[in-house]
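Enquirer: My questions all concern the structure below.
The values are calculated or read from the model by the stated rules, or taken from the named source; none is laboratory data. Just so we're clear, the structure is a prediction, and the values are computed from it rather than from any experiment. Neighbour counts run over all protein chains shown; Cβ positions are idealised from the backbone, glycine included.
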Amino acid sequence: MKKIRVLIAKPGLDGHDRGAKVVARALRDAGMEVIYTGLHQTPEMIAEAAIQEDVDVVGLSCLSGAHMTLFPRVVELLREKGAGDILVTAGGIIPDEDVPKLKEAGIAATFGPGTSLKEIIEFHRKNAGK
Amino acid sequence: MELVDRLLKGDKRAAAKLISLVENEDKEASAVLRELYQHTGKTHIVGITGPSGVGKSSLVFGLTKVIRERGKKVGIVAIDPTSRFTGGAILGDRIRMTELSTDEGVFMRSMGTRGHHGGIARATTEAAMVLDAMGMDVVFVETVGAGQSQSMIWECVHTSVLVEMPGMGDEIQALKAGILEIGDIFVVNKGDREGADQLVKELESVAEYKAMEQEWKPPVHVTIATDGQGIEDVVNSIENHLEYLKESGEYQKREEERAKGEFTRTVQDLLLKKAFDGEGSKKKFDELLREVMEKKTDPYSAAEKLLED
């Protein structure tokens, strides 16, 4: 039986992973397999881990403000490695004006502060593994 | 099959996809395994087991770094428990090994147990087979945090490394059967903690007992995995053990045991599938189940009847 596999990763230098862990737990409790990478990941590490773990979705969380550099780079690397079918989503502190730019760069969804866990779970159930 | 061809050339995406196929028991899985089988048998498969929190992942990370320095390629299969209730899992072994993600000569995969017992996942051996065919020189299989009876790892590896740490009440544990019986190499990790000397002595006495029954006496190593102390010695012992296996003829025996285990498990799986998923068998199962529930028959006769034809 296929299970939805999700990589939750923290690119960049901030050390706040409470949000990432809450999301990881919620997805686990929704029956998914969640691979958590820990803090301070480079986009290269994240893309490689996503490929080796054969995940359906990569969830990125960054609270340092470096999302405009780090997030699109993950999408780019996945495409370069022939894994452009893996969805990339984004959470953390992302100003509204950055959301369309991230979408344009290939981020499938952004989940800012206040997003309900239900919404995140439903997004994964609906879009993962297609 | 295209994925297998790509795997044999070292393509990591292909390896990952193939592991998913066998893990999901996809309908293509048995065809894949049939094709892969002929390309396997070259890898040294090493099991890393021990209780939760003793530092198995950190040790695997340290061992992998040393083996990479020696110019060999390493595959890692790390297993974490799947929730019995939701079917979900947090697979966190990568946290200790992030540095390895970008190393060309390393492939690491996390797996949930998905309801399988014994400390490993059902598809653990198959995942190791994929990494074997890919050309990895050493494959580590890291079990879930294992208690006394999770010794099934023994069936799928050539060398078992049992990791313990001081202060876990092992004086009595050392006398018990199960997990201690399977160690070819003992590691006392977090060796700077109080009680390490005592634990080493206890494990050495277990090793003495083992040496009375077999030629190989399990070495006992003290490590601090997080800063690399003692790791070289463990790698040396892993290499020595492989040499011992080959020279003593024990390697052939373990290969035979592994083949027997794989064959037995596959037969069990096929029988289960036949009982539950086969044509008409679901109906037959439900009918018999009703009879059992209504006490018209007993579970034992019903089970025999189910598998009759």
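Enquirer: Can you name the number of the only condition in (1) more than 27 Å from B:GLU232 (Cβ to Cβ); (2) surrounded by fewer than 17 Cβ atoms within 10 Å (Cβ to Cβ) that B:ALA16 fails?
Expert: That leaves (2) as the condition not met.
Enquirer: May I ask you to list the residues in region B:84-122 that are in a loop (DSSP other than H, G, I, E, B), buried (at least 24 other Cβ atoms within 10 Å of the Cβ) and of a type in the set (Gly, Ala, Ser)?
Expert: B:GLY119, B:ALA121
Enquirer: Same structure, new question: Looking only at residues that are farther than 19 Å from B:TYR244 by Cα, part of a helix (DSSP H, G or I) and free of Cβ contacts under 8 Å to residues at least 60 places away in the same chain in region B:205-225, which one is nearest to the chain's Cα centre (by Cα)?
Expert: Looking at the filtered set, the residue picked out is B:VAL206.
Enquirer: Oh, and also: Answer yes if at least one residue in region A:54-61 is surrounded by fewer than 24 Cβ atoms within 10 Å (Cβ to Cβ) and more than 15 Å from A:GLY112 (Cα to Cα), and no otherwise. Lay out the reasoning, then the answer.
Expert: Within region A:54-61, the first condition is being surrounded by fewer than 24 Cβ atoms within 10 Å (Cβ to Cβ), and the residues that meet it are A:54, A:56.
Restricting the remaining residues to those that are more than 15 Å from A:GLY112 (Cα to Cα) gives A:54, A:56.
Within region A:54-61, one or more residues are surrounded by fewer than 24 Cβ atoms within 10 Å (Cβ to Cβ) and more than 15 Å from A:GLY112 (Cα to Cα).
Enquirer: Quick one: which residue in B:MET134, B:MET129 is farther than 23 Å from B:VAL187 by Cα and modelled with pLDDT of 95 or more?
Expert: Criteria check complete, one pass: B:MET134.
Enquirer: Give me the residue from region B:1-46 that is away from every other protein chain (no Cβ under 14 Å) and among the charged types (D, E, K, R) and, out of that set, nearest to the chain's Cα centre (by Cα).
Expert: Only one residue tops the list, namely B:LYS42.
Enquirer: From the list B:SER110, B:SER58, pick out the single residue that is out of contact with any strand residue (DSSP E or B) (no Cβ under 6 Å at 6 or more places or on another chain) and either polar (S, T, N, Q) or not assigned by TED's automatic domain parsing to the domain that holds B:HIS221 (or both).
Expert: B:SER58
Enquirer: A:PRO11 versus (1) at pLDDT below 95; (2) at the interface with another protein chain (Cβ under 10 Å from one of its Cβ atoms); (3) in contact with a Pro (Cβ under 7 Å, 6 or more places away or on another chain): which is the lone unmet condition?
Expert: Against the list (1) at pLDDT below 95; (2) at the interface with another protein chain (Cβ under 10 Å from one of its Cβ atoms); (3) in contact with a Pro (Cβ under 7 Å, 6 or more places away or on another chain), A:PRO11 comes up short only on (2).
Enquirer: Let me ask something else about it. Name every residue in region A:106-130 that is among the aliphatic types (A, V, I, L, M) and closer than 19 Å to A:LEU63 by Cβ, in order of residue number.
Expert: Scanning region A:106-130 gives A:ILE107, A:ALA109, A:LEU117, A:ILE120.
Enquirer: Further question: Looking at B:ARG84, is it in the same structural domain as B:ASN240 (by TED's automatic domain parsing) and farther than 30 Å from B:VAL222 by Cβ? Break it down stepwise before answering.
Expert: Values: in the same structural domain as B:ASN240 (by TED's automatic domain parsing): yes; farther than 30 Å from B:VAL222 by Cβ: yes.
In short, yes.
Enquirer: Might you check whether a residue that is buried (at least 24 other Cβ atoms within 10 Å of the Cβ), assigned to a helix (DSSP H, G or I) and not small (Gly, Ala, Ser) occurs anywhere in region B:27-40?
Expert: Checking region B:27-40: not a single residue is buried (at least 24 other Cβ atoms within 10 Å of the Cβ), assigned to a helix (DSSP H, G or I) and not small (Gly, Ala, Ser).
Enquirer: Any idea which residue in region B:205-248 is surrounded by the most Cβ atoms within 10 Å (Cβ to Cβ), counting only those that are small (Gly, Ala, Ser), out of contact with any Phe, Trp or Tyr (no Cβ under 9 Å at 6 or more places or on another chain) and within 12 Å of B:ASP184 (Cα to Cα)?
Expert: B:SER237
Enquirer: Separate question: So A:ARG25 fits all but one of (1) within 13 Å of another protein chain (Cβ to nearest Cβ); (2) surrounded by 17 or more Cβ atoms within 10 Å (Cβ to Cβ); what number is the exception?
Expert: So A:ARG25 meets the others, but not (2).
Enquirer: Going by what's in this entry, would B:GLU23 be described as acidic (Asp, Glu) and in contact with an Asp or Glu (Cβ under 8 Å, 6 or more places away or on another chain)?
Expert: On the way: acidic (Asp, Glu): yes; in contact with an Asp or Glu (Cβ under 8 Å, 6 or more places away or on another chain): yes.
Yes.
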